[in-house]
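Trainee: Starting off with a structure, shown below.
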Amino acid sequence: MSLNLGIKRANLNNALAFALLLALSASFILPLFWMISTSLKPIDQLLLDPPKWVPNPLEFDNYPNALEEQPFLQYLGNSLQIAVAAVLGALLSNSLIAYGFSRIDWKGRDVIFVLVLSTLMLPYHVVMIPLFVSFSKIGWVNTWLPLIVPAYFGHPFFIFMLRQFMLGIPKELSEATRIDGGSEWILLTRIILPLCKPALATVALFQFIWSWNDFIGPLIYLNERSLYPMSLGLALYHNSQGITDFSILMAASTMAVVPIIIIFFFMQGVFIQGISLTGLKG
Amino acid sequence: MSAVKKPPQPLLSPRNRRELRKIALGLLFISPWIIGFLAFNVYPIGASFYYSLTRYSPISSPRFIGLLNYERLLFFDPLFITALKNTLYFVVFAVPLGNALALALAVLLNQKVRGLALFRTIFYLPSILPLVATSIVWTWLLHPQYGIVSAIMAELGLPIISWFADPAWAKPALILMSMWGTGWMMLIYLAALQDVPQELYDVASLDGASLWRKFRHVTVPMISPIILFNTIVGLIGAFQYFTEAYVITEGGPGDSTLFYSLYLFNNAFAYFKMGYASAMAWLLFLVILVLTFLIFRSSAKRVYYHGG
């Protein structure tokens, strides 16, 4: 009897949780739904009171119109190039650095590693102005270099993640190769990195998203329109527009958002893994 | 026996030589980080402190003025005080609310409900979307006249709020939007919850503990290091809150969303007061360091690290 009650209560709790999740997820979807719905609205259905949830008919021309309004395709291409270049740098540098912090035993290693982690606390604003001054002096303003080059020198978050992953690979594997006369370089490229594929995929994804979404970097360094990434092009277009263009603005926003959504859906497993890889578990 | 001569001692024993070789090898592998650390952290930190003691616009070289920038900021700049207050308001509400929502979502998802993967995606996705795009979406979402939120509120008989156009509501609107982006925190909580041993809950059930008591006395202590981590990371992020305010409100209406980093950015890149902005950056750095330290210290007794 009491057992039966227990199961019933468990079912009830579960149903309650499910109902709550349903309501919450509806409110989480609402902004994206509203974005897509507006991006398909004919101009005469844009400013209705009460608003229309689903436009009828659907106006797909807002997308080509947005592309005419601003060179959004060029912005998207710029974002893509910047992100890919940064991803390459992140993969290269963080692999090497994490290897040095995990697969080689050397005095002082763990002390320096604490220093690596401590840089996570540094607000960007502290380094923002001197970096701008330095990059101006070497002529990097109005180029993508300030947005790409720092990725080639490692990031504490990625170093930490890859190091955790590499520490989990048995030491004996390295010893065997060393006895056979293999160098550390061969060890890294032939044995360790192939085993780190899931962690490397996570690094690539997060770096891609950071670069794609970065706003303050392009805002500071770029003033030529042909160099703008999507984030900057979209923001400056928005701040110069009135309300009548909202369906075009939403079409442009959708174009900025969709690449990330597509990547996310294809690589969901990697994302979820990335969070547990960081070793952030109790 | 004593006749046996000791071999001449080499400068470095083979063991020491191996040690040194390993250190050199380790440093070689981490050398990209060392270069980056010096170029993108150490030098800029030093330079920004020096700039903070100068009057400096990009067209002239820095001129040393001692602590004048700090003095002016703290005692003679009402906008600085406004920006500080706005930021504290944001931090005080957005960090705990975002944390609580993330934890609540994680606990709900951990009930082995159907459709877990789909729900997880829906909650996580907003936190990785480009902020510029989502900011523009929210200005339209919360548009007082034509936005869908106003329509829903009117339907429910609630008063119409002007959100981003109303000095009293602009900050709450931004806080609401920041809660929408709490999915990454939820994911971290979910990973932590899945690591709490089931036996602990079973034992608590045998003792007749209610759901709330289980949450309060099993879940919370077991994941307390993660709560601490998310609080600190959230805090550091919230103090640097910038993009949404820049895109949506540009500091308005009536400076109600002039946040610290927005005012700092304006000083540096709109008014070209690089020295003044550097002093702001250093004050921010100090505030973050002190707060992090205080949170660590006050939580030391309440955070439970199981398994060391």
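Taken together, the values in this text are just the output of simple stated rules run on the coordinates, not laboratory data. None of the values given here were measured: they were computed from a predicted structure. All Cβ positions, glycine included, derive from the backbone under ideal geometry; neighbour counts span all protein chains shown.
Trainee: Under 8 Å for C-alpha pairs, at least 6 residues apart: give me the relative contact order for the range B:1-138, rounded to a whole percent. Present the calculation step by step, with values, prior to reporting the outcome.
Mentor: Numbers: 28 pairs, mean separation 10.6, N = 138.
Relative contact order for the range B:1-138 comes out at 8 percent.
Trainee: Rounded to the nearest 0.05, what FRET efficiency do A:Phe60 and B:Glu250 give with R0 = 35 Å and r taken as the Cβ-Cβ distance? Could you check?
Mentor: Computed FRET efficiency for A:Phe60 and B:Glu250: 0.65.
Trainee: Given R₀ = 22 Å, FRET efficiency for A:Ala176-B:Ser31 by Cβ-Cβ distance, to 0.05?
Mentor: On the way: r = 27 Å, r/R0 = 1.21.
Once the sixth-power term is evaluated, E becomes 0.25.
Trainee: Take every residue in peptide B:192-198, count the Cβ atoms of other chains within 10 Å of its Cβ, and give the average of those counts. Before the final figure, lay out each step's value.
Mentor: On the way: counts 5, 2, 3, 3, 2, 0, 0.
Partner Cβ neighbours, averaged per residue: 2.
Trainee: Set the bar at 22 Å for Cα to Cα. Now go through B:Lys85/B:Lys301; A:Lys107/B:Lys301; B:Lys85/B:Lys171; B:Lys112/B:Lys214; B:Lys171/B:Lys273 and name every pair that lies beyond it.
Mentor: The pairs that break the limit, which is 22 Å between Cα atoms, are B:Lys85/B:Lys301; A:Lys107/B:Lys301; B:Lys171/B:Lys273.
Trainee: Taking 7 Å along the Cα-to-C-beta vector as the label spot, tell me the B:Arg302-B:Gln194 distance in nanometres, rounded to one decimal.
Mentor: About 2.8 nm separates the two model spin labels.
Trainee: Beta carbons within 10 angstrom, averaged per residue: use that to sort the peptides A:113-122, B:273-282, A:29-38, highest first.
Mentor: B:273-282, A:29-38, A:113-122
Trainee: Here's something else I'd like to know. Under the definition of partner shielding as Cβ atoms of other protein chains within 10 Å of a residue Cβ, what is the mean value for peptide B:147-158?
Mentor: 3
Trainee: I've got another one for you. Calculate the mean, over all residues of peptide B:110-120, of how many other protein chain Cβ atoms lie within 10 angstrom of the residue's Cβ.
Mentor: Counting other chains' Cβ atoms within 10 Å and averaging over B:110-120 gives 4.
Trainee: Now for a different question. Mind listing which trypsin sites (Lys or Arg not before Pro) in the range A:57-129 are in a DSSP loop and have 14 or fewer other Cβ atoms within 10 Å?
Mentor: Counting only loop positions with at most 14 other Cβ atoms within 10 Å, the trypsin sites (Lys or Arg not before Pro) in the range A:57-129 are A:Lys107.
Trainee: Another question, then. Can you work out the FRET efficiency for the pair A:Ala23 and B:Arg213, with r the C-beta to C-beta distance and R0 = 22 Å, to the nearest 0.05?
Mentor: Efficiency computed from Cβ-Cβ geometry: 0.30.
Trainee: Using Cα-Cα distances under 8 Å and only pairs 6 or more residues apart, what relative contact order does the range A:26-67 have, in percent?
Mentor: On the way: 28 pairs, mean separation 16.5, N = 42.
It rounds to 39 percent for the range A:26-67.
Trainee: Express the relative contact order of chain B as a whole percentage, based on alpha carbon pairs under 8 Å and six or more residues apart in sequence. Before the final figure, lay out the partial values.
Mentor: Working: 306 pairs, mean separation 84.3, N = 308.
Across chain B, relative contact order equals 27 percent.
Trainee: Okay, moving on. Just to be sure I understand the model, the point goes 7 Å from the Cα along the line to the Cβ. What's the resulting B:Val92 to A:Glu69 distance in nm?
Mentor: Going by the 7 Å Cα→Cβ label model, 3.9 nm.
Trainee: If we sort A:206-218, A:72-84 on the protection proxy, mean other Cβ atoms within 10 Å, highest first, what's the order?
Mentor: A:206-218, A:72-84
Trainee: Taking neighbour counts of Cβ atoms within 10 Å as a proxy for exposure, in what order, fewest first, do B:His217, A:His125 appear?
Mentor: In increasing order of surrounding Cβ atoms, one gets B:His217, A:His125.
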